[in-house]
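Read the figures in this text as sums done on the coordinates, not as results from a lab. Just so we're clear, the structure is a prediction, and the values are computed from it rather than from any experiment. For neighbour counting, all protein chains shown are included, and Cβ atoms are generated from backbone atoms with ideal geometry for every residue, glycine included.
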Amino acid sequence: MNDMNEATLNILIADDETLARNRLRELLASIPGTHIVGEASNGREAITLSEELRPDILLLDIRMPEMDGLEAAEHLQKLERPPAIIFATAY
């Protein structure tokens, strides 16, 4: 249970590899005040979900099919309230 004074960071994970998304989810589960609002498997999905879910933070892979993370980040910066982007990649 969260303390009412504790801020919650809403996080979206975007990575084309299921194992990488699972690992990030596991790591975040141990950090109080974080909430995973969704997961995307490519850059286009990350943009769509960011517009819908308005996460505070987007953990974004660089190499993904359809649209890579760098291109997605460019599009996301044009949002009225873009998420903070952290590139989480093995690239």
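For a label point 7 Å from the Cα of residue 9 along Cα→C-beta, name the residues of segment 54-81 whose backbone N is under 14 Å from it. Residues passing the 14 Å test: 55-60.
Database remark: amide H of residue 85 closer than 5 angstrom to the amide H of 58 (H placed geometrically; neighbours at sequence offset of 5 or more, or on other chains; Pro and chain starts carry no H). Here segment 47-90 is treated as a Stokes sphere of Kirkwood radius computed over C-alpha pairs; at 10 °C and 1.306 mPa s its diffusion coefficient rounds to 152 µm²/s. Given a Förster distance of 25 Å, report the FRET efficiency between residue 29 and residue 84 from their Cβ-Cβ distance, rounded to the nearest 0.05. Plugging the Cβ-Cβ distance into 1/(1 + (r/R0)^6) gives 0.80. Rounded to the nearest 20, the Cβ-based charge dipole of the chain about its Cα centre (Lys and Arg +1, Asp and Glu -1) stands at 100 debye. Protection proxy ranking of 40-47, 52-59, 28-35, by the mean of other Cβ atoms within 10 Å over each peptide's residues and highest first, is 40-47, 52-59, 28-35.
Projecting the Cα atoms of 57, 89, 31 onto the charge dipole of the chain (Cβ charges, centred on the Cα centre) puts 31 farthest toward the positive pole.
3J(HN,Hα) along segment 45-60, derived from phi through the Karplus expression 6.51 cos²θ - 1.76 cosθ + 1.60 where θ = phi - 60°, amounts to 4, 4, 5, 4, 5, 5, 5, 7, 9, 6, x, 6, 10, 10, 8, 10 Hz, with x in place of Gly and Pro. Per the Kirkwood formula applied to alpha carbons, the chain shows a radius of gyration over Rh ratio, Rg over Rh, of 0.97.
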